[in-house]
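The values are calculated or read from the model by the stated rules, or taken from the named source; none is laboratory data. Note that the structure is a prediction, hence the values are computed from the model and not measured. Note that we place each Cβ from the backbone using ideal geometry, even for glycine, and neighbour counts take in every protein chain shown. Note: areas computed on protein heavy atoms with side chains; ligands, DNA, RNA excluded. Shrake-Rupley method; radii C 1.70, N 1.55, O 1.52, S 1.80 Å.
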Amino acid sequence: MSLRTEVVGLDRLDDIRRSWIEMLPHGRWAFFMHPDWCGTAWAAFAPRATVHLHLAYEGNELVGILPVCHRRMNKFGLFMPVAEALAGARGDYTLPVLRQDAPEHTIPLLLDSALKSARSAGALLVANAPDETGVPARVEQHLHEQGLAFRRTQAQCMLLTFPQGAASADAVLPSRRRNDVKRQMKRVQEEVGPLAFRVATSPDEAVSLLPAFFEMHDRRWLEAGYPGSFGSAAARDYYHQFVRRLWDAGVHFSVTTCG
């Protein structure tokens, strides 16, 4: 059965929302491909942007989605048009949303559709696509076959896996470091007060903790000589919205207190 594409606006999101969520992979990328994650980023950081949802169909079945956000980016004081896949750099990971049994050429088809709509911007940005998924290689191969220019930048994203939880995490630390942590914990508790750790159990509880998080985060960066992140109302609203909208999708908010 042949594939076809359709390009729609955000007004059609409710029509495909359930299918979008059902297509999310079971893995660490899924959270950053969720429609509410993308929607929260667009609303906070690009409220005047235009979002195109590039849809791939096999017959009448939706098999792939590649959202593209068209906005104006401030670079060196110049406001240039840019087209970004998914939530762009705000999304942490950018991957097409594909049904598990989607045909092999679904990605090239979605990419061609996205590139066509991005011509007015001059470039399509695909930020932070994990190499291990194979998507960057497939994208580059297609661009090369089409004779299109592209530029790739690469960075390492370190991942620590602790299959046995805290026990295996402790085993990674040298015994001298573990003993030093215990000693420092004892000292802090004697000088300041008892240490406590808790995980927020509701979005209301998490939201009530956000002002302290914003203040601490900015203070640490400012002390290091860098600008803070939360002077912007958009940045604060972003966290408020994604805590509330994505709580059931896997948001974790934990707090350590002392005294």
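At 27 Å minimum axial length over the Cα atoms and a Kyte-Doolittle cut of -1.0, report the qualifying DSSP H helices in the chain, or say none.
Once both thresholds are applied, what remains is 203-223.
For the range 1-154, what does the convex hull of the Cα positions come to per residue, in cubic angstrom? It would help to have the intermediate numbers written out before the result.
Numbers: hull volume 18.0 nm³, N = 154.
Considering the Cα atoms of the range 1-154, their hull volume per residue is 117 Å³.
For the peptides 21-29, 125-133, 249-257, 170-178, what is the packing order when you average, over each peptide's residues, the other Cβ atoms within 10 Å and list the highest mean first?
Values: 21-29: 13.9, 125-133: 15.9, 249-257: 12.2, 170-178: 10.7.
Ranking the peptides 21-29, 125-133, 249-257, 170-178 by packing returns 125-133, 21-29, 249-257, 170-178.
Send over a whole-number figure in Å² for the accessible area per residue of the chain, probe 1.4 Å. All intermediate terms of the calculation are to be shown ahead of the outcome.
Details: 16480 Å² over 259 residues.
Using a 1.4 Å probe on heavy atoms only, each residue of the chain averages 64 Å².
Along Cα→Cβ, 7 Å out, is where each label goes; now give me the distance between the ones at Leu195 and Val7 in nm to one decimal.
A separation of 5.5 nm, rounded to one decimal place.
List the equivalent ellipsoid semi-axes of the range 140-259 in whole Å, largest first, each obtained as the square root of 5λ for an eigenvalue λ of the Cα gyration tensor.
Values: eigenvalues 243, 119, 63 Å².
Output for the range 140-259: semi-axes of 35, 24, 18 Å.
What is the diffusion coefficient of the range 27-105 in µm²/s, taking the Kirkwood radius over Cα pairs and the Stokes-Einstein relation at 4 °C with a viscosity of 1.567 mPa s?
Numbers: Rh = 13.6 Å.
Calculated translational D: 95 µm²/s.
Can you pull the percent of the range 1-70's accessible area that's carbon plus sulfur, 1.4 Å probe, other chains left in place? Walk me through the intermediate numbers first.
Numbers: 1590 of 3380 Å².
In the range 1-70, the share of accessible area belonging to carbon and sulfur is 47 percent.
Across 5 Å bins from 0, what is the distribution of all Cα-Cα pair distances for the range 207-259, in whole percents?
4, 18, 25, 23, 18, 10, 3, 0
Can you bin the range 1-40 into rounded, prolate or oblate? Criterion: square roots of the alpha carbon gyration tensor eigenvalues sorted a ≥ b ≥ c, rounded for a/c under 1.5, prolate for a/b above b/c, oblate for the rest.
On the way: a/c = 2.32, a/b = 1.27, b/c = 1.82.
Cα axes put the range 1-40 in the oblate bin.
Express the carbon and sulfur contribution to the solvent-accessible surface of the range 141-236 as a percent, rounded to the nearest whole number, probe 1.4 angstrom.
56
Given a Förster radius of 35 Å and the C-beta distance between Ala149 and Phe79 as r, what FRET efficiency does 1/(1 + (r/R0)^6) yield to the nearest 0.05?
On the way: r = 23 Å, r/R0 = 0.66.
Plugging the Cβ-Cβ distance into 1/(1 + (r/R0)^6) gives 0.90.
Translational diffusion coefficient, Stokes-Einstein: compute it for the chain using the Kirkwood radius over C-alpha pairs as Rh, at 4 °C and 1.567 mPa s, and state it as an integer in µm² s⁻¹. Let's see the in-between values first.
On the way: Rh = 21.2 Å.
Taking Rh from Cα pairs, D becomes 61 µm²/s.
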